[in-house]
Amino acid sequence: MKSSQLESVWGYVFIFPWILGMLFFTAGPIIASVFLSFCEWDLITPIKWVGLQNYIKLFMDDPRFWKSLYNTLFYTAMSVPLQLVAGITIAVLMNQQVRLIKVFRTIFYLPSVTAGVASSIIWMWLFNPDVGLINYFLAIFGIHGPLWLASEFWAKPVYVIMSLWGVGGGMLVYLAGLQGIPAALYEAASIDGANSFQKFIHVTLPMLSPIIFFNLVILVIQSFQIFTQAYVMSGGSGAPADSTLFYVVYLYQMGFRFHQMGYASALAWILFLITLGATLLLFRFSGWVHYEGNVKEK
């Protein structure tokens, strides 16, 4: 056997465990979920083929599906722009050459690597209507804080506010992009008489637009999958009055609480199609993104 062929064989030997893991723990369950979405199965009795019944029920006879979809879209529409703006703003501040800047960068990044359960417990305490720090702070200014997580109106905004907790991850990506912008562009803008704001609008944002677009796609996908915070803080019930019944929480309820695995599989594939559609839509309207190659062509 030739040396190149031997190297190929050993390469396949080393990746074989990964291939097995992918087949049994990723590809296998995906294929199984497609089949189960057309079936009725409670994990105990034999699987029963029901055709499109799960999908018909989902769209025609399940108000909680529409409620969970509305809650998730609300969270996405509110949290994604907030995280984008906050991430860019903090990255610009962290790009300044000041004393202890590395310490500040670390402080802003650390929350993004905190475990989701631990973060949720911290925020539950902060938003506690009786002993929470946020209502205590509001009381100093004579403001009577709301019930927050116990309020149907305020519950979803709580999760939107919480989304800023992990903004440090996006900030780090923006910071890398900012440091990759050529200084000559800012010098040319200064020669043309541009002030700091004009430099940000006409130099920083266009050069940063590919990274903004990347973070936008990632944030949209992640926002559709919000689960841990909602599960911990509402006990997986979507309380109060299903105002925090996000899509994946409802999917979990149907699959692992009510043991309707077929219906849960149908929900999962609808979520996949929604996420795919949203991603394709973002790419369709990505004309505002300025790639370096396009800039050179112009």
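Among helices (runs of 4 or more DSSP H) entirely within region 217-298, having at least 2 residues that are in contact with a helix residue (DSSP H, G or I) (Cβ under 6 Å, 6 or more places away or on another chain) and surrounded by 22 or more Cβ atoms within 10 Å (Cβ to Cβ) singles out 228-234, 247-252, 261-284. Pairing each residue of region 52-65 that is farther than 14 Å from Leu271 by Cβ with any residue that is not in a helix (DSSP H, G or I), provided the two are 6+ apart or on different chains, yields C-beta distances under 9 Å for Leu52/Phe38; Gln53/Phe38; Gln53/Glu40; Arg64/Gly238; Arg64/Asp242; Arg64/Leu245. Of all the listed residues (Val80, Val85, Val98), the sole one being assigned to a helix (DSSP H, G or I), surrounded by fewer than 17 Cβ atoms within 10 Å (Cβ to Cβ) and not charged (D, E, K, R) is Val85.
Filtered by the rule that a residue be surrounded by fewer than 17 Cβ atoms within 10 Å (Cβ to Cβ) and in contact with a Phe, Trp or Tyr (Cβ under 7 Å, 6 or more places away or on another chain), region 58-77 gives a lone residue, Arg64.
None of Ile181, Ile226, Ile191, Ile201 is within 30 Å of Leu276 (Cα to Cα) and either of a type outside the set (S, T, N, Q) or in contact with a Ser or Thr (Cβ under 9 Å, 6 or more places away or on another chain) (or both) except Ile226.
Selection of region 148-168 for residues being assigned to a helix (DSSP H, G or I), in contact (Cβ under 8 Å) with a residue 24 or more places away in the chain and more than 18 Å from Ile226 (Cα to Cα) yields only Ala150. Can Tyr186 be described as in contact (Cβ under 8 Å) with a residue 24 or more places away in the chain and aromatic (Phe, Trp, Tyr)? In short, no. Candidates in region 144-184 are the residues that are surrounded by fewer than 15 Cβ atoms within 10 Å (Cβ to Cβ) and not small (Gly, Ala, Ser); of these, the one that is farthest from Thr72 (Cα to Cα) is Pro182.
Residues that are polar (S, T, N, Q) and more than 11 Å from Asn215 (Cα to Cα) within region 70-86 comprise Asn71, Thr72, Thr76, Ser79, listed in sequence order.
Against the test of being more than 20 Å from the chain's Cα centre (by Cα), farther than 25 Å from Lys67 by Cβ and not in a loop (DSSP other than H, G, I, E, B), the options Ala184, Ala194 yield a single qualifying residue, Ala184. Of all residues in region 215-242, those that are charged (D, E, K, R) have Cβ atoms under 9 Å from Cβ atoms of residues that are assigned to a helix (DSSP H, G or I) and surrounded by 22 or more Cβ atoms within 10 Å (Cβ to Cβ), 6 or more apart or on another chain, in Asp242/Ser68; Asp242/Asn71; Asp242/Tyr250. Within region 18-47, the set of residues being touching a residue at least 24 places away in the same chain (Cβ under 8 Å) and surrounded by fewer than 11 Cβ atoms within 10 Å (Cβ to Cβ) comprises Leu43, Ile44.
The numbers here are math on the coordinates, done by the rules we state, and not lab data. This is a predicted model, so every value here is computed, not measured. When we count neighbours, we look across all protein chains shown, and the Cβ atoms used for this are built from the backbone with ideal geometry, even at glycine.
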